[in-house]
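**Student:** Here it is: the structure, laid out below.
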Amino acid sequence: MKKMMNDEILLTEQKLEEIKKELEHLLNVERVNVIQEIKDARSQGDLSENAEYDVAREKQGIIESKIRELETIISRAKIIETNSGSSRVSIGSKVTLENIESHEKQTFQIVSSIDADPFANKISNFSPIAQALLGQDQGDEVEVDVNEKYSVKILEVINE
């Protein structure tokens with residue numbers, strides 16, 4: 001676990017900006033609001049039976065934890081650099097594949113685990129299919145090892 005604390009966190013520039021905005025909101029809005037909630041609850045008197053105070057303190061803990069998490073991500077962030085114009089699959093590549101058996105085609109982008117969003121066709125670089133594709137070239141046929149192995153052909157690789 002200790003080693004992970006020093007690892008870089010690969011992010012797209014867009015995701016890093018989203019994280020910075022979220023951190024700014026937590027610092028300048030949420031933290032300020034919860035401090036005021038704690039002050040208001042304290043002014044009601046006895047803290048031992050003050051549910052509002054307990055709720056506000058718990059909320060403060062959650063916010064502070066999220067702030068630390070985002071600060072760690074930002075401090076360890078490394079922007080994904082794509083090999084523009086290259087046909088080699090790397091993190092950041094948009095890849096179009098064809099399943100050799102079913103002829104089904106799919107397109108997705110390989111991103112870091114933090115950026116991953118399957119609903120937006122962004123898959124983690126740690127996923128089995130990404131692991132099989134990384135370092136391969138357009139036109140290559142690759143075996144993907146999941147529950148049931150299957151083969152795909154890399155039809156297109158876009159590195160912007």
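The values are calculated or read from the model by the stated rules, or taken from the named source; none is laboratory data. None of these values were measured; they are calculated from a predicted model. Heads up, the Cβs are rebuilt from the backbone with ideal geometry, glycines too, and the neighbour counts pull from every protein chain shown. What goes into the accessible areas is simple: the full protein's heavy atoms, side chains included, and nothing from ligands, DNA or RNA. Shrake-Rupley method; radii C 1.70, N 1.55, O 1.52, S 1.80 Å.
**Student:** I want to check the label-to-label distance for Leu155 and Phe119. Put each point 7 Å from Cα in the C-beta direction and report it in nm to one decimal.
**Tutor:** Simple spin-label model gives 2.6 nm for this pair.
**Student:** Which distance in Å, rounded to a whole number, links the C-alpha centroids of region 109-156 and region 1-79?
**Tutor:** Rounded to whole Å, the Cα centres lie 34 Å apart.
**Student:** Just Asn50, Asn99, Asn125 to compare: in a GNM of the chain, with alpha carbon springs under 10 Å, which one fluctuates most?
**Tutor:** Between Asn50, Asn99, Asn125, it is Asn50 that shows the largest mean-square fluctuation.
**Student:** Could you tell me which of Pro118, Ile91, Gly61 has its Cα farthest along the dipole of region 49-160 towards the positive end, charges placed at Cβ (Lys, Arg +1; Asp, Glu -1), taken about the Cα centre?
**Tutor:** Selected residue: Ile91.
**Student:** Going from the alpha-carbon gyration tensor of the chain, what semi-axes, largest first and in whole Å, does one get by taking the root of 5 times each eigenvalue?
**Tutor:** 45, 16, 13
**Student:** By what distance, in whole Å, do the Cα atoms of region 38-130 stretch along each of the three principal axes, largest value first?
**Tutor:** Computed over region 38-130, the largest-to-smallest principal extents equal 70, 31, 18 Å.
**Student:** Nearest 500 deg cm²/dmol is fine: what mean residue ellipticity at 222 nm does the chain get from its DSSP H runs of n ≥ 4 alone, each adding -39,500 (n - 2.57), divided by its residue count?
**Tutor:** -11500 deg cm²/dmol
**Student:** On the protein heavy atoms, probe 1.4 angstrom, tell me the percent of accessible surface of the chain carried by carbon and sulfur.
**Tutor:** Answer for the chain: carbon and sulfur cover 47 percent of the accessible area.
**Student:** Would you mind giving the average projected area, over all directions, of the Cα convex hull of region 88-158 in nm² with one decimal?
**Tutor:** 4.3
**Student:** Hey, which of these cross-link pairs are over 19 Å Cα-Cα: Lys78/Lys153; Lys39/Lys66; Lys15/Lys122?
**Tutor:** Over 19 Å apart, Cα to Cα: Lys78/Lys153; Lys39/Lys66.
**Student:** What do the square roots of 5 times the Cα gyration tensor eigenvalues come to for region 9-80, in whole Å, largest first, as semi-axes of the equivalent ellipsoid?
**Tutor:** 33, 10, 6
**Student:** If R₀ is 35 angstrom, what is the calculated FRET efficiency for the pair Ser87 and Lys21, using the beta carbon separation as r and rounding to 0.05?
**Tutor:** Step by step, r from the Cβ atoms, then E = 0.55.
**Student:** Check every DSSP H run in the chain and write down those whose alpha carbon atoms cover 24 angstrom or more along the long axis and whose mean Kyte-Doolittle hydropathy is -1.0 or greater.
**Tutor:** 51-76
**Student:** Between Arg68 and Phe126, how high is the FRET efficiency from 1/(1 + (r/R0)^6) when r is the Cβ-Cβ distance and R₀ = 30 Å? Nearest 0.05.
**Tutor:** 0.80
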